[in-house]
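S.K.: My questions will all concern the structure given below.
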Amino acid sequence: MNRARRIETWARLGYLARGVVYLIIGWLALDSNRPLSSSEAVKSVEAMPLGTLLLAILSFGLFGYGLYRLAEGFFDLDHKGGDAKGLVTRAGNAVSGLAYWGLTFVAIRAISDDKQSSGEAGQAAGSGESADTARQVADAPGGDFLLIAAGLVIIIVAIVQLVIAFRAKFMDEMEPNSPRLVKPAGQLGYAARGIVFLIVGWFALRAGLSGERLRGFGDALALVRDDHPLLFKLIAAGLLLFGAVSVLMARYRHVHDADVGSLARAATSQRF
């Protein structure tokens, strides 16, 4: 069977791409105090040597990760079950998949725009786009409620990330021969990611409750950098470790495989 038809191929490519994104975020935050969102991290690849080629490879990986997460959500590849806890986990995987497909679009757009900026150093990431999004959502019927709901969901995701870090639950999905440092590095990485998500969720709640500008991942990092420089460095190191662990997951994570074509046919038959 052609490996391009296997969900495992796309998943491993996806973990590698996720790792690259977080390695960029963590390294630039640690090395030069630059708070970037994931979309700005993707755009920054354009400025690297062979940037267009790297962006093309990264777009395939981000698409693959999104595909894998959506398959996890809709087809329960990791056997989370159909109870309330399992459905929440699967829904989170599906939302994550859509988010990474959004990053895929960012990478493709960066390729098509020869002169597109690779991200502005030292600014809150995506602030203009986030503000426009917040205004559009808030102006829609029930928009404030949607922002509040989004904030609560993000906070729940953040808490899950922190629980994963504390209990090292990600190790349940790793092969027995994975490097020993994966566990402590992953715990620090998931904890750092969870802290940033908590701040992003709070931003969304504030946007819904008081009409403040919606701010994202990069804005959360910028806030910590300005108010708590030492904590910012610790979070930056954690995000760097999360990226490194994601790269190792591309090799050592256990992935429940499936044929992409079969999944697509199953999705079509369920819909129609």
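S.K.: Here is a list of conditions, (1) at pLDDT 95 or above; (2) over 21 Å from Pro35 (Cβ atoms), and Leu230 meets all of them except one; can you say which number that is?
M.R.: The failed condition is (2).
S.K.: Continuing with this model, one more query. Which is farther than 30 Å from Leu146 by Cα, modelled with pLDDT under 95 and buried (at least 19 other Cβ atoms within 10 Å of the Cβ), of Val200, Val255?
M.R.: Of Val200, Val255, the one residue that is farther than 30 Å from Leu146 by Cα, modelled with pLDDT under 95 and buried (at least 19 other Cβ atoms within 10 Å of the Cβ) is Val255.
S.K.: Another question, then. Which of (1) loosely packed, with under 14 Cβ neighbours inside 10 Å; (2) assigned to a loop (DSSP other than H, G, I, E, B) is the odd one out, the single condition Asp226 does not satisfy?
M.R.: (2)
S.K.: Return the residue satisfying two criteria in turn: it lies in segment 175-193 and is assigned to a helix (DSSP H, G or I) and of a type outside the set (A, V, I, L, M, F, W, C), and of such residues it is nearest to Ser37 (Cα to Cα). Steps first, please.
M.R.: Within segment 175-193, the first condition is being assigned to a helix (DSSP H, G or I), and the residues that meet it are 182-193.
Still in the running and of a type outside the set (A, V, I, L, M, F, W, C): 183-184, 186-187, 189-190, 193.
On the way: Lys183: 25, Pro184: 24, Gly186: 20, Gln187: 21, Gly189: 16, Tyr190: 16, Arg193: 12 Å.
Top of the filtered list is Arg193.
S.K.: Same structure again: Pairs under 7 Å by beta carbon, first residue free of Cβ contacts under 8 Å to residues at least 24 places away in the same chain and under 14 Å from Leu239 (Cα atoms) in segment 176-200, partner of a type outside the set (Val, Ile, Thr) and crowded, with 19+ Cβ neighbours inside 10 Å, six or more apart or different chains?
M.R.: Once the first residue is free of Cβ contacts under 8 Å to residues at least 24 places away in the same chain and under 14 Å from Leu239 (Cα atoms) and sits in segment 176-200, its partners that are of a type outside the set (Val, Ile, Thr) and crowded, with 19+ Cβ neighbours inside 10 Å give Gln187/Ala165.
S.K.: Give just the number: which of (1) within 25 Å of Leu67 (Cα to Cα); (2) crowded, with 20+ Cβ neighbours inside 10 Å; (3) at pLDDT 95 or above does Gly126 not satisfy?
M.R.: (3)
S.K.: Taking only pairs six or more apart or across chains, which ones have beta-carbon atoms under 8 Å, a first residue in segment 17-42 that is on the phi > 0 side of the Ramachandran plot, and a second residue that is surrounded by 23 or more Cβ atoms within 10 Å (Cβ to Cβ) and of a type in the set (Gly, Ala, Ser)?
M.R.: Close Cβ pairs (under 8 Å, with a partner that is surrounded by 23 or more Cβ atoms within 10 Å (Cβ to Cβ) and of a type in the set (Gly, Ala, Ser)) do not exist here.
S.K.: With Ala110, Ala47, Ala94 as the choices, which residue is over 15 Å from the mean Cα position of the chain (by Cα) and either under 25 Å from Ile154 (Cβ atoms) or surrounded by 14 or more Cβ atoms within 10 Å (Cβ to Cβ) (or both)?
M.R.: Unique residue meeting the criteria: Ala110.
The values are calculated or read from the model by the stated rules, or taken from the named source; none is laboratory data. In this text the structure is predicted, and so the values were computed from the model without any measurement. A quick note on method: Cβ atoms are made from the backbone with ideal geometry, for glycine too, and the neighbour counts reach across all protein chains shown.
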